[in-house]
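Have a look at the structure below before the remarks.
The values are calculated or read from the model by the stated rules, or taken from the named source; none is laboratory data. Everything numeric here is computed off the predicted structure, so don't read it as measured data. We place every Cβ from the backbone using ideal geometry, glycine too, and count neighbours over all the protein chains shown.
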Amino acid sequence: MKKLHFVVSLPNDNSYQHEQAVSATETAHRLGAEVEILRANNDAVTQSQQVLEVIQSKSSRPDAILVEPLTMTGLVRSAEAAVAAGIGWVVLNSDVDYLSRLRSSSNVIVFGVTREHTEIGRIQGRQFAALLPEGGTVLYIQGPANNSAAMQRTAGLESTKPPNIHLKTLRSDWEEASARQAVSSWLRLSTNRAISIGVVGCQYDGIAKGARRAFEDLAEGSEREQWMKLPFTGVDGLAREGKAWVDQGILAATVVSLTTTQVAVQMLVQAISDGTQPPLRTLIDLASYPALESLSARGKKAAVAKMGS
């Protein structure tokens, strides 16, 4: 039997996407398939061109393409071209509106596997409420403005954060260096001081790490110390990074889940073997790390200490 061949298109090579690639490769190998990893370097045009080249190749067309799109359109034209060429199409970490249409017009395998980004935001809203029981201001560092995951995480956060928690928002790419630069630029404004911030909340653990680096760069020792005492939170909770950073005290909290590539490759191999379509949309389980009860205890302790100071 011919070995199944999948192409995985990832938006960049940050720590989460590196784990996505590793999970895809290891899962495929375990199931007797092979994968080719493409990285778009945060460029939507590059991602589209890379995927179209794969679809148009006459020598090595894959059985399926798994793509985590950079933009909200979700590479709809590429998806249509892939299905027309008989190539399976799987969307990762993004909700797009065209999957059911493609499935209704073809027998090609089409589905999506995502973390529910709105629920990630809801969990973050509950984390902020636990860490700031008396209310306060969160410096909230979001992903790119045109990214659906970033938008959904913000919407989820807004739905669960208490009214007495206010947001100061910044934008960053999904990379540590971008967050470091964004926060460093923000700090140059004399009105931005740690005394008005209660939590630094970020939509990705790498963004949180970059924000910490920007505060570490401050020349003024007392101001740097104020910032570094604040709770920092992120999203992804990789075992060797976000989750480990919480255990080490670098982060106060993160949101953990499996990688979507691990689940999607398993589903693809099973679907091709059975000759069936997987569910149109599969959601990955999410959890706060540490548990909200633990964060609440920390928040109450900090509130008491602040009242006594």
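For every residue, the table says whether it meets (1) touching a residue at least 60 places away in the same chain (Cβ under 8 Å); (2) of a type in the set (A, V, I, L, M); (3) loosely packed, with under 12 Cβ neighbours inside 10 Å.
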position	(1), (2), (3)
Trp227	no, no, no
Gly242	no, no, no
Ile250	no, yes, no
Leu283	yes, yes, no
Arg298	yes, no, no
Ala303	yes, yes, no
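Considering only residues of the range 103-117 that are at pLDDT 95 or above and in contact with an Asp or Glu (Cβ under 9 Å, 6 or more places away or on another chain), which is nearest to Val255 (Cα to Cα)?
Taking the candidates together, the pick is Gly112.
Can you confirm whether Thr160 is at pLDDT 90 or above, of a type in the set (S, T, N, Q) and surrounded by fewer than 16 Cβ atoms within 10 Å (Cβ to Cβ)?
Taking the combined requirement at face value, the residue does not satisfy it.
Residue-by-condition table, conditions (1) acidic (Asp, Glu); (2) free of Cβ contacts under 8 Å to residues at least 12 places away in the same chain:
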{"position": "Thr27", "(1), (2)": "no, no"}
{"position": "Asn41", "(1), (2)": "no, no"}
{"position": "Val45", "(1), (2)": "no, yes"}
{"position": "Ser48", "(1), (2)": "no, no"}
{"position": "Val51", "(1), (2)": "no, no"}
{"position": "Ile55", "(1), (2)": "no, no"}
{"position": "Ser59", "(1), (2)": "no, yes"}
{"position": "Asp63", "(1), (2)": "yes, no"}
{"position": "Thr71", "(1), (2)": "no, no"}
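On the given criteria, is Gln181 surrounded by 20 or more Cβ atoms within 10 Å (Cβ to Cβ) and not assigned by TED's automatic domain parsing to the domain that holds Val45?
no
So Ala81 clears everything in (1) under 21 Å from Ile284 (Cβ atoms); (2) in contact (Cβ under 8 Å) with a residue 24 or more places away in the chain; (3) not assigned by TED's automatic domain parsing to the domain that holds Ser159 except one condition, right? Which one?
(1)
Does Leu258 meet the test of being outside any helix (DSSP H, G or I) and either in contact with a strand residue (DSSP E or B) (Cβ under 8 Å, 6 or more places away or on another chain) or of a type in the set (D, E, K, R) (or both)?
Here the answer is yes, as Leu258 does meet what is asked.
Could you count how many residues in the range 62-71 are farther than 18 Å from Arg39 by Cα and surrounded by fewer than 18 Cβ atoms within 10 Å (Cβ to Cβ)?
0
Do we find a residue being in contact with a Ser or Thr (Cβ under 8 Å, 6 or more places away or on another chain), of a type in the set (A, V, I, L, M), in the same structural domain as Leu157 (by TED's automatic domain parsing) and at negative phi anywhere in the range 219-233?
Our first condition is that a residue be in contact with a Ser or Thr (Cβ under 8 Å, 6 or more places away or on another chain); within the range 219-233, this holds for 233.
Of the ones still in play, those that are also of a type in the set (A, V, I, L, M) are none.
No; the residues of the range 219-233 include none that is in contact with a Ser or Thr (Cβ under 8 Å, 6 or more places away or on another chain), of a type in the set (A, V, I, L, M), in the same structural domain as Leu157 (by TED's automatic domain parsing) and at negative phi.
If I ask for residues that are under 21 Å from the mean Cα position of the chain (by Cα) and either within 23 Å of Val22 (Cα to Cα) or in the same structural domain as Gly156 (by TED's automatic domain parsing) (or both), which ones from the range 268-287 would you list?
Arg281, Thr282, Leu283, Ile284, Asp285, Leu286, Ala287
Of the conditions (1) assigned to a loop (DSSP other than H, G, I, E, B); (2) in the same structural domain as Leu38 (by TED's automatic domain parsing), Arg240 satisfies every one except a single condition; which number is it?
All conditions pass for Arg240, except number (2).
Restricting to the range 262-279, count the residues that are surrounded by 12 or more Cβ atoms within 10 Å (Cβ to Cβ) and assigned to a loop (DSSP other than H, G, I, E, B).
Of the residues in that region, 2 qualify.
List the pairs whose first member sits in the range 173-192 and is closer than 20 Å to Pro144 by Cα, whose second member is acidic (Asp, Glu) and part of a loop (DSSP other than H, G, I, E, B), and whose Cβ atoms are under 7 Å apart, counting only residues at least 6 apart or on separate chains?
Every condition considered, the pairs that remain are Ser184/Asp217.
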